[in-house]
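The values are calculated or read from the model by the stated rules, or taken from the named source; none is laboratory data. All values derive from a computational prediction rather than experimental measurement. All Cβ positions, even for glycine, are placed from backbone atoms using ideal geometry, and neighbour counts span all protein chains on display. Quick note on the areas: whole protein, heavy atoms, side chains included, nothing else; ligands and nucleic acids left out. Shrake-Rupley method; radii C 1.70, N 1.55, O 1.52, S 1.80 Å.
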Amino acid sequence: MLKLIREEPDRLMAAAERDDHDAYRAETKELRQTLALLCEGSLKGVFDGPTTQPIDLQAPAVSVDISAVAASGDTLVAAAMLSTWSYGFATIDASTALAEAGLAPRRKYFAVMDELWRALRGAPGLVDHADALTRVYRGRDVAHAMATHSLDDLLALPTEEDRAKARGFVERNAVTVLAGLPPRELDAVSAVVPLSDKERQMVASWSAPESWQAGARHPRRGST
């Protein structure tokens, strides 16, 4: 496919509604770059084979381990995470279709999207995919949990448009779960999710002090 697009045949130029080769190349640049990444670049050999272990619709829980690519750079990790999420939600769609046809029992799903920051930093615009998931599946017996380390992870996205959409994840959450956070981080959280002074003090008390020693018992372990 990539070779064919690069050859610029007249039929493809006509399909793209471009009259000259320069306009055609400009129109197909992003497509060629994406296909080159998959066929020749860092993603070669990752997505060009059959799925070896399909998701079991009858399983009580499914965990997908992508640790094999964890040290391969943000682009590959983001691609693996987004592909896994897409596959998982497509499986949910298939299960729902079977239930509506009376071929399977109706089930409720809880999708845990861990290390959200890694999926969003792979390239500008990836936040759109995660943003769509938080909207499309609302009210469809699917609950989400998005986990990240800090709001700074979302504010570090490459464009202001991406950062604004990422802030929307937090604003639309029905439940926000906070672990120990320092006061500076709580200032940022409070700008999105209002916290009382008592709540801020409680959450800040869970945070390890600056003199924290590795291996020592956390001073607020077990607090809720």
(request) Using only Cα atoms, tell me the angle between helix 197-206 and the longest principal axis of the chain; keep it within 0 to 90° and round to the nearest 10. (result) 80 degrees
(request) Determine which aspartates and glutamates satisfy two conditions relative to Lys3: a Cα distance under 12 Å, and not lying fewer than 8 residues away in the same chain. (result) Glu40
(request) Just grab the label-to-label distance for Asp65 and Ala99, each label 7 Å out from Cα along the Cβ direction, in nm (one decimal). (result) 2.9 nm
(request) Please say if the chain is rounded, prolate or oblate, where rounded means a/c under 1.5 for a ≥ b ≥ c the square roots of the C-alpha gyration tensor eigenvalues, and otherwise the choice is prolate for a/b larger than b/c and oblate otherwise? (result) prolate
(message) At 7 Å along Cα-to-Cβ for each site, give me the label-to-label distance between Glu161 and Ala145 in nm.
(response) 3.3 nm
(message) Cut-off under 16 Å on the C-alpha distance; same-chain residues fewer than 8 positions from Lys165 excluded. Which aspartates and glutamates are left, in chain and number order?
(response) Asp128, Asp131, Asp152, Asp153
(request) Might you tell me the accessible area per residue for the chain, computed with a 1.4 Å probe and given in Å²? (result) 66 Å²
(message) Can you tell me the length gained on complete extension of the stretch Asp74 to Thr176, counting 0.36 nm per residue apart and subtracting the Cα distance?
(response) 34.1 nm
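Per the 1.4 Å probe, what fraction of the accessible area of the chain, in percent, lies on carbon and sulfur atoms?
Roughly 54 percent, rounded to a whole number.
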(message) If I take R0 = 30 Å and measure r between the Cβ atoms of Glu17 and Asp153 in this structure, what FRET efficiency does the formula 1/(1 + (r/R0)^6) give, to the nearest 0.05?
(response) 0.15
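Once you have the Cα-Cα distance between Arg135 and Thr52, take 0.36 nm times their residue separation minus that, and quote the gain in nm to one decimal.
Between Arg135 and Thr52, full extension yields 26.9 nm more.
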(request) Sequence neighbours fewer than 8 away in the same chain don't count; with that in mind, list the lysines whose C-alpha is under 18 Å from Lys108. (result) none
